[in-house]
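Taken together, the values in this text are just the output of simple stated rules run on the coordinates, not laboratory data. All values derive from a computational prediction rather than experimental measurement. Every residue, glycine among them, receives a Cβ derived from its backbone with ideal geometry; neighbour counts consider all protein chains shown.
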Amino acid sequence: MSAIRLLVVDDHQVIRRGVRTMLAEGGDEFALVGEAADGAAAIRLAGELQPDVILMDLRMPGMDGLETIQQIRQQWPTIAILILTTYNEDELMIQGLQAGACGYLLKDVDLDALLHAIRRAAQGETVLPPEVKERLLTHAARGLERSQSLPRQGVLTEREKAVLRGVAQGERTKEIARRLGLTPRTVETYLTTIYTKLGVDSRTAAVVVALEQGILPPL
């Protein structure tokens, strides 16, 4: 099996060095293919290197992490982006997930949790630790009353809700397919339709919007 190729984006050299050291603990399973100190460099390297996963800081000089995530997702939607930040702020977390990041981690994350998150991101999964899920639900509850007064995006069918519920619970595509008696390809087709109806382009953003609009029940 080929190594998971990573790009680390952070304006602090000491953080990049620390992540590099942590990834080395993962042995041959991980390959750090590039580092960037700002958003513009991150976009350029994402195009040149085509990493499997990007570890992205949010607060950087010039182009911030949110705009960088949006631009990378628009140009290379298959690249998974994991936010790795010191800022434990709910609004920033929501904005990052809505921008297209597949997960949100704090820089004090331990080695095992970081490597596990990278593995899941590389497999196209949503990475939402329990504490992040709890905060996401709190945010959704606050916004539910407001969103109910707004016109909803395309309403999901029951089968689409079942697929998205599996995503919200951290199930992989194969696990969702097995539970619902579908093929993995059919699950991916459902996800594409869900993205279109909700006006998003990633699993995590779909879960965020569905929770905010009350389309999905609390996890």
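Points to keep in mind about this one:
- If the segment from Ala31 to Thr193 were pulled out straight at 0.36 nm per residue, it would be longer than the present Cα-Cα gap by 55.0 nm.
- FRET efficiency, Glu48 to His116 (Cβ-Cβ, R0 25 Å, nearest 0.05): 0.35
- Environment charge of Pro184, counting only residues whose C-beta is closer than 11 Å and scoring Lys/Arg +1, Asp/Glu -1: +2
- Pairwise centroid distance, computed over Cα atoms, of region 33-99 with region 165-219, Å: 23
- Over the chain, the pair-distance histogram of Cα-Cα distances with 5 Å bins from zero comes to 1, 7, 16, 19, 20, 16, 11, 7, 3, 1, 0 percent, rounded to whole numbers.
- Inter-site label distance for Arg185 and Thr21 at 7 Å from Cα along Cβ, in nm: 4.8
- Inter-label distance, nm, simple model (7 Å from Cα along the C-beta direction), Glu175/Met63: 3.4
- Result for the chain in a Gaussian network model with C-alpha springs under 10 Å: among Gly65, Gly47, Gly27, the largest mean-square fluctuation is at Gly27.
- The region of the chain that goes longest without hitting one of the GluC sites (Glu not before Pro) in a DSSP loop, each with at most 14 other Cβ atoms within 10 Å, is 90-219.
- Within straight-line cross-link reach of Lys174, aspartates and glutamates at Cα separation under 12 Å, skipping those fewer than 8 residues along the same chain: Glu125, Glu188
- About its Cα centre, the dipole of the chain is roughly 820 debye, where the only charges are +1 on Lys and Arg Cβ and -1 on Asp and Glu Cβ.
- Farthest toward positive dipole pole in the chain [+1 Lys/Arg, -1 Asp/Glu at C-beta], among Gln74, Gly27, Tyr190: Tyr190
- Between Asp108 and Tyr87, the contour length at 0.36 nm per residue exceeds the Cα-Cα span by 6.5 nm.
- Placing unit charges on the Cβ atoms of the charged side chains and taking the dipole of the chain about its Cα centre, the candidate lying farthest along the positive direction among Ala168, Pro130, Val53 is Ala168.
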